Amino acid sequence: MIHVDAPTGIQRSLYLGSSPGRHPHTVLRQLHDYLPADTPAMGAGNPVTTLEARVAELLGKQAALFLPTGKMAQQVALRIHADETHHRVFAAHPTCHLVHHELDGYAQVHGLDFTQLGQADRLITEADIRGLGAPVSTVVWELPQREIGGILPDWHSLNRQVAAARDRDARTHLDGARLWEAQTYYDRPLAEIASLFDSVYVSLYKTLQAPRGAVLAGSADFIDRARAWSIRLGGESAGNWPLAAAGLFALDHVLPRLRLYRDHALTLAKALNATGLARTTPDSPQTPFFFVTLPVSAQAASRAHTELCSATGLELFRLLRTTEHPRTCSFEVSVAEAATTVEADEIARFTSRLVRRAQELDTRAQVLDTFS
C-alpha cells in the first residue's frame, strides 16, 4: 500500500476522504441547522439514544448501541459470543478487517483466536463453513468483501452459508460497515438482511460520511452485555452526542441516496473499462464500491496522478495498492455525493492520461535501471 500525498488545488475528487461533507466547518454547520435548538445532550431524546433506536428499527433488532469505532464494536461482539459459547475461536475470511487492520486487537485485548475461512481471492462458501474442523464461537461475514473488490454472495448462497454456521451451533456476526451499500445489491429491506445474523455492526463514517461512529445491534440481552463492555473499554461517554447527531443527519440525508451512488458506480465502471487501459473489479459493481486496476507501477501512477491533479484540479485516489506484479497497481472507489458531480467520461479521460504518463515514467525507469 502506498500513501499518496494530497495534491494542492483539488476541486473535485473520487476519493471518499476528500469529500467536502467531511470538512469540520461543513459538519458543524450541518448539525447547527439540523438539530432543534432544545436538543438535550443527555436524558430523554438525546441524539445517542435516538440514533440507537433508529438503527435498531432499521435493522429489525431489539436494541442497538452507539460506539465510537467499528473496531470496538466488532471486538465487543466477538467477545460476547465467545464468552457465551465457551469457544475462543472465530472464523472469517482471510482478508477480514479484524485480522488485517486492527493490530490483533481481538487477541491482545480479548484473548480470542482466528481461523481462516476459504481463500483470500474469493468469497467464502457453504463448503468452507461445513469444512471447519474444531468448533468456533462465531462465523463472521463482511458484506461486501472489501479487499477483493467489494463483491457479495448472492442471496441464496448467503442464506445457505448462515444455515451451515447455525448447524455448527456457531453464532453469526455481520461486519456491516458497508451494509448500507450492500442493500442496493440485495434490494431487500435492511431488516431482512440483518435478520440472518445474531449481531450486526454498521458504520457511520464510510459512505455515510459522519466524522466517526458505529452502531452494534442485536438482542436486548446482547446489547446489555455490549453496553458493559463499552464502559470497560472507554466507549461510553456523555460527549458522544455530536457523533450520534452526525449519524442521524447521515441517515436522513445520505442513506436515501445510496441507490443513486450505485447507479453512478455502474456508469463509472463502464466508462473506465471502455478505455482498454483500466479494469474494474468487479466488471459491473454490485455496490457503490469497486476496485480499479492500472497496468503501471504504483510509483509511476502516484507521480503521474500528482502531475495531473495539479493541472486539472481532479483527484482519483490517496491510496494505491501494490500487487505481485511490479507494473500493476490498483485503487478503490467508494462513490458518494462528491463523486456524483464528476462525469464518467471525464474520469475515463483522466485515467487514460494517467496511465499513458505512468507508462512513460515506467519505461524511463526501466531504461535507467538497464544502464545503472
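The values are calculated or read from the model by the stated rules, or taken from the named source; none is laboratory data. Computed from a predicted model, the values in this text were never measured in an experiment. Methodologically, a virtual Cβ is constructed for each residue, glycine included, from the backbone with ideal geometry; neighbour enumeration extends over all protein chains shown. Just so you know, the surface numbers come from the protein's heavy atoms only, side chains and all, with ligands and any DNA or RNA stripped out. Shrake-Rupley method; radii C 1.70, N 1.55, O 1.52, S 1.80 Å.
In this simple spin-label model, placing a label point 7 Å from the Cα along the Cα-to-Cβ direction at both Q11 and D113 gives a separation of 5.8 nm. When the chain is described by a simple charge dipole with +1 on each Lys and Arg Cβ and -1 on each Asp and Glu Cβ, the residue from A245, L78, A304 located farthest towards its positive end is A304. On C-alpha positions alone, give me the angle between the axis of helix 47-59 and the longest principal axis of the chain, in degrees, nearest 10. Here the helix axis deviates by roughly 90 degrees. Extending 7 Å from the Cα toward the beta-carbon at both R257 and T26 defines two label points whose distance is 0.9 nm. Bridges between two residues of the chain, per DSSP, are antiparallel at a rate of about 60%. When a/c is below 1.5 the answer is rounded, else prolate if a/b is larger than b/c, else oblate, so apply that to region 1-42 with a ≥ b ≥ c taken from the square roots of the Cα gyration tensor eigenvalues. Judged from the Cα gyration tensor, region 1-42 comes out prolate (a/c at least 1.5, a/b above b/c).
In debye to the nearest 20, how big a dipole does the chain give about its Cα centre with +1 on each Lys and Arg Cβ and -1 on each Asp and Glu Cβ? Can you show the working numbers first?
Values: 36 positive and 40 negative charges, 94 e Å.
About 460 debye.
With R₀ set to 25 Å, the beta-carbon distance separating H3 from T69 gives a calculated FRET efficiency near 0.75. Each of (i) 18; (ii) 12; (iii) 31 is a candidate for percent of Cα pairs over 40 Å apart; the one calculated from this structure is (i).
Kindly state, to the nearest 0.05, the FRET efficiency for E192 paired with R353, given R0 = 35 Å and r defined as their beta-carbon distance. Provide the component values of the computation, followed by the final result.
Details: r = 44 Å, r/R0 = 1.26.
Once rounded, the FRET efficiency stands at 0.20.
Which values, in whole Å and largest first, are the semi-axes of the equivalent ellipsoid of region 172-300 obtained as the square root of 5 times each eigenvalue of the Cα gyration tensor? Display every interim value, and only then the final one.
Numbers: eigenvalues 223, 58, 44 Å².
Ellipsoid semi-axes (Å, largest first): 33, 17, 15.
About its Cα centre, what dipole magnitude does region 15-75 give when the only charges are +1 on Lys and Arg Cβ and -1 on Asp and Glu Cβ, stated in debye to the nearest 20?
Values: 5 positive and 4 negative charges, 51 e Å.
Roughly 240 debye for region 15-75.
Rolling a 1.4 Å probe over the heavy atoms of the protein chains gives the chain an accessible area of 44 Å² per residue. In this structure, A41 and T363 have a Cβ-Cβ separation that, at R0 = 45 Å, corresponds to a calculated FRET efficiency of about 0.15.
Take the chain, mark every one of the trypsin sites (Lys or Arg not before Pro) that falls in a DSSP loop and has at most 16 other Cβ within 10 Å, then report the longest stretch left between them, sites excluded. Numbers along the way, then the final one.
Numbers: sites that count: R122, R168, R212, R327.
Maximal segment without exposed cleavage sites: 1-121.
To the nearest ten degrees, helix 220-233 and the longest principal axis of the Cα atoms of the chain are 70 degrees apart. For S237, the solvent-accessible surface with a 1.4 Å probe is about 60 Å², rounded to the nearest 10.
Region 1-77 and region 296-360 have Cα centres spaced 28 Å apart.
Helix 344-371 and the longest principal axis of the C-alpha atoms of the chain enclose an angle of approximately 70°. Take the Cα of T281, go 7 Å toward its beta carbon, and the backbone nitrogen atoms of region 93-135 under 19 Å from that spot belong to 93-101, 117-125.
Charge tally around A164: other residues with Cβ under 9 Å, Lys/Arg +1 each, Asp/Glu -1 each, net +1. Database remark: amide H of R279 closer than 5 angstrom to the amide H of T293 (H placed geometrically; neighbours at sequence offset of 5 or more, or on other chains; Pro and chain starts carry no H). Work from the charge dipole of the chain (Cβ charges, +1 for Lys and Arg, -1 for Asp and Glu, about the Cα centre) and give the residue of G234, A63, A344 farthest towards its positive end. About the Cα centre, the residue reaching furthest to the positive side is A344. What shape does region 220-356 have by the C-alpha gyration tensor, where a ≥ b ≥ c are the square roots of the eigenvalues, rounded means a/c under 1.5, and otherwise prolate means a/b greater than b/c and oblate the rest? It comes out prolate by the Cα gyration axes.
For the chain, the share of accessible area belonging to carbon and sulfur comes to 52 percent (1.4 Å probe, ligands and nucleic acids excluded).
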